[in-house]
1. What net charge do the residues around residue 210 carry, taking every other residue with its C-beta under 14 Å from that of residue 210, with Lys and Arg at +1 and Asp and Glu at -1?
2. Any of 88/168; 167/225; 48/357; 167/218; 268/349; 143/296 with alpha carbons more than 23 Å apart? Name them for me.
3. Please compute the Kirkwood hydrodynamic radius over the range 179-288, one decimal place, Å, based on all pairs of different Cα atoms.
4. Pull out the extension gain between residue 228 and residue 333, defined as 0.36 nm times the separation in residues minus the alpha carbon to alpha carbon distance; nm, one decimal.
5. Considering only the other residues whose Cβ falls under 15 Å of the Cβ of residue 86, what net charge follows from Lys and Arg at +1 and Asp and Glu at -1?
6. Take the alpha carbon atoms of the range 75-103, find their center, do the same for the range 1-68, and report the distance between the two centers in whole angstrom.
7. Report the label-to-label distance for residue 30 and residue 277 in nanometres (one decimal), using points 7 Å from each Cα along the Cα→Cβ vector.
8. May I ask for the longest run of the chain untouched by GluC sites (Glu not before Pro) that are loop-located per DSSP and have at most 15 neighbouring C-beta atoms (other than their own) within 10 Å?
Amino acid sequence: MSKTLDLTKELIARKSLTPEDDGCQKLVAERLSKIGFLIEDLQYGDVKNLWATIGKSGPLFVFLGHTDVVPTGPIASWESDPFTATEKDSLLVGRGAADMKGSVAAFVTSIEKFMEKEPNLIGRIGVLLTSDEEGPAIDGVTKVIDYLEDKNEKIKWCLVGEPTSDKKIGDVIKIGRRGSISARINVLGTQGHVAYPDKADNPIHNFSAPLAELSSLKWKDETGKFQDSVLQISNINAGTGATNVIPGNLTLDLNVRYSPSTSIEDIKKDIESIIQKHDITYEISWNIGGRPFLTKETELINAVEQSVIQITGMSPKCTTDGGTSDGRFVAPTGAQVVELGPGNASIHKVNESVVIKDLEHLSNIYNAILNRLLTSS
Ligand SMILES: [Zn+2]
C-alpha cells in the first residue's frame with residue numbers, strides 16, 4: 001500500500017475550495033510535527049497558511065504548495081464524487097488529485113522517508129502551504145514571504161509541486177515563468193445616427209488601424225529560455241445593439257505574457273505609442289499580474305534533473321511556459337525556484353485525476369532531491 005496514495009485520498013476528502021483549507025494543513029502539520037518539525041499557522045484574512053521547518057542551520061530547502069482547489073463544475077458531469085478519491089483503472093480521480101494534493105502528499109512522504117534514515121542533515125527543510133493559490137493570492141504565499149523576510153529567513157532552494165509533467169512523470173519541469181500584464185482601453189467617440197456620420201465620431205472605425213497593429217505586436221525573448229512575448233486581445237465591445245446608431249465608445253481588454261527580457265515599461269510604452277500615433281482619444285487602466293522569473297543558478301535544477309533520471313531513467317525537459325504560479329513570490333527573494341509535479345492533462349477539469357503509480361514516483365523523486373542537497377556524503 002502506498003502512503004502517498006493514502007494521504008492524497010485523505011486530502012481529497014477535505015472540501016478545500018479556495019480560500020477554504022478544510023483541515024488539509026492540520027493533517028499535514030500533524031504528520032510533520034510527529035517527525036520533529038516546528039509548526040506555525042499563519043492566517044491572513046480568511047486564508048490559512050502553514051509554515052513548518054526542521055533543522056538547525058545551513059541552507060533552507062522549501063517545498064511550496066497549496067491545499068485549495070478550484071470548484072468542481074457541474075457535479076453531474078463527474079463519474080464519481082469529486083471529494084471522494086476514487087480509483088479507476090490506473091487513475092485516482094478527485095478534485096485536487098493533480099493540482100495539487102498529490103504533490104502535497106508526496107512532500108510529506110518524501111520527508112518522512114528522508115528523516116527515517118536519520119540523515120546527516122547539512123541544511124534545513126521547510127514546507128510552505130497556502131489555501132489561496134487558485135484565488136486572488138493576496139493573503140497567501142506573498143504574505144508568508146513578507147513574514148519570513150522580516151524574520152531574516154532566506155530560502156535558498158524552492159521546489160514547487162505544481163503539475164508540470166506532460167506524458168510521463170518528471171518529463172517536464174519548469175525553471176521560470178512568464179509575467180502577466182493586462183490593460184483595459186476605453187476608446188472615446190461621439191454617438192450619433194449612422195445616416196449623419198459627419199455629426200458623430202465612430203470609435204470602431206477610428207480604432208481599426210491601431211487594432212491591427214496591436215494584434216501583431218511582439219517582444220523578442222533574449223534569454224533563450226522563453227517564447228517571444230505576444231499581445232492577445234480577449235474582449236472587445238462596442239455598439240448599442242441598434243443598427244442605426246454609431247456607438248459613443250469601444251472597450252477592449254488585452255493581456256501580454258512576457259519574458260524577463262521585456263519590461264513592463266517597454267510594454268506600456270509600445271502599446272500606448274501605437275494608440276497615440278493614430279490620434280485616438282482614450283483612457284487606459286493597467287493591471288500588473290505576476291512578474292516573470294528565471295532560475296539561472298544550476299544547483300537546484302541539477303539536483304532535480306539528476307533525481308528525475310535516477311527514479312525514471314529519463315531526463316526532464318526544462319520549460320518556462322504555462323500560467324503563473326506561487327513561485328513568482330519566492331523567486332524575487334533570490335531563491336532558486338524549480339517546479340515539478342504530476343501530469344497536468346486533467347487539472348481544473350471534471351474527473352481530475354492523477355496516475356496512481358506516479359504518486360510514489362513523485363515522492364521518490366522528491367526524496368532523491370533532499371538526499372542530493374541536504375546530506376553530506
Ligand atoms: Zn496548482
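1. Details: positive: 277; negative: 213, 270, 272, 279.
That works out to -3.
2. 48/357; 167/218; 268/349; 143/296
3. Working: mean 1/r = 0.0668 Å⁻¹.
About 15.0 Å, per the Kirkwood formula over Cα pairs.
4. That works out to 35.3 nm of additional length.
5. Values: positive: 9, 88, 95, 101; negative: 6, 10, 79, 81, 87, 89, 352.
Residues close to residue 86 contribute a combined charge of -3.
6. Going from one Cα centre to the other spans 20 Å.
7. For residue 30 paired with residue 277, the spin-label model returns 6.3 nm.
8. Details: sites that count: 79, 222, 297.
Formally, the longest exposed-site-free interval is 80-221.
Read-outs throughout are calculated quantities, based only on the coordinates presented, and are distinct from any laboratory measurement. Bear in mind the structure is a predicted one, so any value in this text is a computation, not a measurement. Heads up, the Cβs are rebuilt from the backbone with ideal geometry, glycines too, and the neighbour counts pull from every protein chain shown.
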